[in-house]
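Each remark here refers to the structure printed beneath this line.
Readers should treat all values here as calculations from the given coordinates under stated rules, not as data from a laboratory. Only a predicted model underlies this, so the values are computations on that prediction, with no experimental measurement involved. Every residue, glycine as well, gets a Cβ built from its backbone with ideal geometry; the counts of neighbours run over all protein chains shown.
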Amino acid sequence: MFVFSKLVWILGQPLSLAFFFVLLAFVAALLRWRATVIASSLLSVLILFVTLYTTAGSYIVQGLEERFPHPAADPADLKCMIVLGGATQNEVTTVRGGYELDSAGDRLIEALRLAQKFPQARILISGGDGSIGGAYEGDAVISERFFTALGISTSRMIEDKTSRTTFENAVNTKQLLAQNGLSDCLLITSGFHMPRSMGIFRKQGIDVVPWPVDYRSTGKESLGLDLTQPSRNAQLLATGVREWVGLVGYYAVGRTSALYPAP
């Protein structure tokens with residue numbers, strides 16, 4: 001299931017689909033299938049235009065981010081927090097060491113802030129190596145270096161070093177929480193990832209408080225043209241589409257509590 005999901009996404013993301021239709025048009029041209037050439041070329045151009053030069057990506061991501069609003073204030077007390085993996089550059093740190101953060105680094109920054117404010121709170125870091133080959137350090141290993149370098153004792157950390165997907169995050173977390181007598185933790189992950197995460201955790205019977213971070217949209221997005229930042233537009237659309245593919249796929253196989261979980 002893990003490898004299959006990775007392959008589906010490699011082939012199914014917007015730019016990969018655009019390439020597929022270009023390739024199909026080329027083959028059809030060799031075979032002199034005029035109608036297929038025209039249709040495939042138009043589809044490829046349409047996908048590229050929407051991906052690169054519209055706000056479709058930011059609009060989709062915004063919808064996901066607004067699903068679970070960030071609480072207005074910090075909790076009065078905090079016993080534990082769960083930080084989902086995906087915040088570090090695994091390939092880079094495996095070779096260079098350290099704790100290089102990626103675009104989701106806010107997950108660790110926010111956890112650090114809360115850990116400093118609530119010195120009694122435990123930190124459960126859930127994330128192994130999510131690559132197909134399994135050749136890199138996992139998020140839990142890298143995150144431990146990050147927290148200890150900034151003064152957080154390892155005695156406060158609980159590590160899940162084997163999970164590769166959000167589903168495995170939830171399954172492993174459930175066991176670790178039970179072993180350590182913890183409950184009602186904050187769930188820290190990116191805003192766009194929160195609906196799927198909450199659906200999976202609820203399905204596992206884990207009570208958590210959603211604590212979204214790492215926002216990618218302004219909250220005031222609308223559909224339209226954007227010719228100024230094609231690479232960012234492409235990245236946002238890929239992020240939004242990937243989350244929706246995950247929501248639909250996980251719901252279809254019974255891994256989430258709802259198709260589009262809500263508070």
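Set the Förster distance to 51 Å, then compute FRET efficiency between residue 49 and residue 155 from the Cβ-Cβ distance, nearest 0.05.
On the way: r = 54 Å, r/R0 = 1.05.
E(calc), rounded to 0.05, equals 0.45.
Charges only on Cβ, +1 for Lys and Arg, -1 for Asp and Glu: so what's the dipole of the chain about the Cα centre, in debye to the nearest 20? Mind dumping the intermediate values first?
Details: 23 positive and 22 negative charges, 111 e Å.
Taking the Cα centre of the chain as origin, the dipole is about 540 debye.
Given 185, 230, 195, which one lies farthest toward the positive end of the charge dipole of region 182-230, if we put +1 on the Cβ of every Lys and Arg and -1 on the Cβ of every Asp and Glu?
The residue sitting farthest along the positive end of the dipole is 195.
Can you give the helix-only mean residue ellipticity at 222 nm for the chain, where every DSSP H stretch with n ≥ 4 adds -39500 (n - 2.57) and the sum goes over all residues, rounded to the nearest 500 deg cm²/dmol? Don't jump to the answer; show the numbers that get you there.
Details: 10 runs with 138 residues, N = 263.
Result for the chain, helices only: -17000 deg cm²/dmol.
Set the Förster radius R0 to 35 Å, insert the Cβ-Cβ distance between residue 92 and residue 207 as r into 1/(1 + (r/R0)^6), and round the FRET efficiency to 0.05. Could the numbers behind the result be given before it?
On the way: r = 35 Å, r/R0 = 1.01.
Using R0 = 35 Å, I get an efficiency of 0.50.
Can you give the relative contact order of region 71-213 as a percent, counting alpha carbon pairs under 8 Å and 6+ residues apart? Kindly include the intermediate steps, with their values, before the conclusion.
Working: 253 pairs, mean separation 38.2, N = 143.
RCO, region 71-213: 27 percent.
Need the list of aspartates and glutamates near residue 220 for cross-linking: C-alpha distance under 17 angstrom, and skip anything on the same chain fewer than eight residues off.
Excluding near neighbours in sequence, the set is 65, 66.
For the pair residue 222 and residue 11, how long in nm is the line joining their label points, each one 7 Å along Cα→Cβ?
So the label points at residue 222 and residue 11 sit 4.0 nm apart.
Compute the Cα gyration tensor for region 142-263, then decide on rounded, prolate or oblate, letting a ≥ b ≥ c be the square roots of its eigenvalues: rounded whenever a/c is under 1.5, prolate when a/b is larger than b/c in the other cases, and oblate in all that remain. Numbers along the way, then the final one.
Details: a/c = 2.31, a/b = 1.42, b/c = 1.63.
It is oblate, given that a/c is not under 1.5 and a/b is not larger than b/c.
Can you compute the modelled spin-label distance between residue 31 and residue 135, with each label point 7 Å from Cα toward Cβ, in nm?
My value for the distance between the label points is 3.5 nm.
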